[in-house]
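Notes to accompany the following structure.
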Amino acid sequence: MIRATNLVKKFGDSTAVDNLSFDVHQGEIFAFLGPNGAGKTTTIKMLTTLLQPTSGTVELDGLDPAQHPNDARKRFGIVFQDPSLDADLTAIENMELHGMLYHMPRELRISRTEMLMKTFELWDRRDSQVKTFSGGMKRRLEIARGLLHTPKILFLDEPTLGLDPQSRNQLWSHIQKLNETEKITVFLTTHYMDEADRVAHRIAIIDHGRIVAEGTSQEIKTRTATDSLEAAFLALTGNTIRDEKADSNAQLRDMAKMFRR
């Protein structure tokens, strides 16, 4: 469902993603883990048409996003790290706007909105403004919105950042249920190792733009002779605190150049 082959992304003299190759199978929950600045978000941006690779290729459901961006976008939903809801609109208005942007037929838009908002336990608050929602409710709404147009792939970039354990657990329960019932492929990043250990079918760990381990959680633990995914992660990536500010600034400059063309 997702294939990256020899993927490279450079920002000036800095290489954020360095010859990356991996496959994600249909219906799989795939965790993409790494320290700050390792290349996770840059990779997601290339997979979702927000950045052009310096070299290498990407396939989403058999399509090259660089060559067919509009068709590729119809095949995935995405939840970014930063909030993207309109806080002054109601929950159902946010869903309605998204469905209209994807040219969904009205009846399908209405029925799927109700189904997803009930699944994510938001239906009773459908007419409330988003600015009255808790952090967990906003995240659930963002994910429901990302699933509205029936994508084949859902990208989740640190979807539970800042949420309490109860909200995190509830959110993953909903996602796992939809993964099982709709066979949607989930590509996620997270800094919570327990989440990846619990929900991911397979895991890739990236460091300095390269994959340093890939497999099931148990396979990675066995390879590193550790008894937890967090211990395995630290064994593979070290204990040094990373700073991603410089890489983020370079990405912003690169994206600005792309949009000016």
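Computed from the coordinates by the stated procedures, all read-outs in this text should not be read as laboratory data. All figures in this text were calculated on a predicted structure; none of them were measured in a lab. Glycine also receives a Cβ, built like all others from the backbone with ideal geometry; neighbour counts cover every protein chain displayed.
Summary table below
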{"quantity": "Estimated 222 nm signal from helices in the chain, with DSSP H stretches of n ≥ 4 weighted -39500 (n - 2.57), rounded to 500", "calculated": "-12500 deg cm²/dmol"}
{"quantity": "Distance from segment 67-142 to segment 33-53 (C-alpha centre basis), Å", "calculated": "23"}
{"quantity": "Surface/4 estimate of mean projected area, convex hull on alpha-carbon atoms of segment 84-150, nm²", "calculated": "3.8"}
{"quantity": "For Thr160, Thr237, order by how many other beta-carbon atoms lie within 10 Å, fewest first", "calculated": "Thr237, Thr160"}
{"quantity": "Percentage relative contact order, the chain, counting C-alpha pairs under 8 Å, at least six apart", "calculated": "27"}
{"quantity": "The chain - Rg (one decimal) and Dmax (whole number), Cα, Å", "calculated": "18.3, 54"}
{"quantity": "Using θ = phi - 60° and Karplus 6.51 cos²θ - 1.76 cosθ + 1.60, couplings along segment 153-163 (whole Hz; Gly, Pro as x)", "calculated": "10, 10, 9, 10, 9, 6, x, 10, 4, x, 8"}
{"quantity": "Above-threshold pairs, the threshold being 23 Å between Cα atoms, out of Lys183/Lys221; Lys118/Lys177; Lys10/Lys74", "calculated": "Lys183/Lys221; Lys10/Lys74"}
{"quantity": "Unit Cα scatterers, Debye sum, segment 8-95: log10 I(q)/I(0) for q = 0.12, 0.21 Å⁻¹", "calculated": "-0.46, -1.15"}
{"quantity": "Within straight-line cross-link reach of Lys9, aspartates and glutamates at Cα separation under 12 Å, skipping those fewer than 8 residues along the same chain", "calculated": "Asp18, Asp247, Asp254"}
{"quantity": "DSSP-assigned coil residues among trypsin sites (Lys or Arg not before Pro) in segment 182-218, each with at most 12 further Cβ atoms within 10 Å", "calculated": "Lys183"}
{"quantity": "Amide H contacts under 5 Å for Thr216, placed H, 5+ residues apart", "calculated": "Ile203"}
